[in-house]
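Worksheet: one structure, shown below.
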Amino acid sequence: MNSNFKKILSLTAVAAVFSFIFFLGSEAQVAQAVTDSFTVGIDVTAEISLTCPDTAVSMSSSGQIAGISGGESFGSTVCSVVTNNAAGYSLKVHASTAPALQKGVSVYFDDHIVTPSFNFVSSTASSTFGFSVSSTDAVTAFKNDGSSCGAGSGSSYFRCYRGFNGTSDVEIANGSAVTAGTSSTIAFRAVVGSSKHQETGSYSSTVTVTALTQ
């Protein structure tokens, strides 16, 4: 009986050792299978900047206009837009007065027609002021196909002039994506007809350019 009792104790000890080893292995296996995951997120806001020269546009630099015999003058400026907005931007302009180019309330240049014309045509009996735009992002109205405006992909500030729309904004360019800097040249043109007899003096217009995210 004593010998059998010893065998039972030995078998019990061996079983206990195997059970302990199995337990350790099972615990390790469970620990290796535990995983978790989560998401990290952040929102980036849209920003836009607009850079235009601080200096005034001097149209007289291309030649003063004779008030009786008539003539024309030209000037331009370049504005650049930067935006991180995925939907792009819109660029607009407006004048502070209507008509835009004035010496005084009753002495002024007429605003050019509101639909861009391929050639700047002005009556000999009138004085006219208008603007055009040259840009890769110019709106369709300022683009041309070589003979007419509102068609094609050409963009030149020597073509497709229009007048300001009173003091209301006129969109001149827009983009549909992020841009590190897209430039738009805004050109101004004043014409005095040969039979107008435009009054002498200094005429000016305050033009505001606005860049907006789409």
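So which residues in segment 111-141 are under 13 Å from Gly163 (Cβ atoms) and out of contact with any Phe, Trp or Tyr (no Cβ under 7 Å at 6 or more places or on another chain), if there are any at all?
Ile113, Val114, Thr115, Val121, Ser122, Ser126, Ala141
Among the strands (runs of 3 or more DSSP E) lying completely within segment 49-146, list those that include at least 2 residues that are more than 22 Å from Tyr203 (Cβ to Cβ), in the same structural domain as Asn165 (by TED's automatic domain parsing) and among the aliphatic types (A, V, I, L, M).
Filter on segment 49-146 gives 71-83.
Listed residues Ser147, Ser123, Ser106; which is free of Cβ contacts under 8 Å to residues at least 24 places away in the same chain, surrounded by fewer than 20 Cβ atoms within 10 Å (Cβ to Cβ), of a type in the set (Ser, Thr, Tyr) and more than 24 Å from Val81 (Cβ to Cβ)?
So the residue among Ser147, Ser123, Ser106 that is free of Cβ contacts under 8 Å to residues at least 24 places away in the same chain, surrounded by fewer than 20 Cβ atoms within 10 Å (Cβ to Cβ), of a type in the set (Ser, Thr, Tyr) and more than 24 Å from Val81 (Cβ to Cβ) is Ser106.
Of the residues Ala190, Ala180, only one is assigned by TED's automatic domain parsing to the domain that holds Lys103, of a type in the set (A, V, I, L, M) and either out of contact with any helix residue (DSSP H, G or I) (no Cβ under 7 Å at 6 or more places or on another chain) or part of a loop (DSSP other than H, G, I, E, B) (or both); which?
Ala180
Suppose we filter Val170, Val192 for residues that are under 21 Å from the mean Cα position of the chain (by Cα) and hydrophobic (A, V, I, L, M, F, W, C); which single one remains?
None of the other options fit; the residue is Val170.
The values are calculated or read from the model by the stated rules, or taken from the named source; none is laboratory data. On a predicted model such as this, the values are computed, not experimentally measured, just so you know. Using ideal geometry, Cβ is built from the backbone for each residue, glycine included, and neighbour counts are taken over all protein chains shown.
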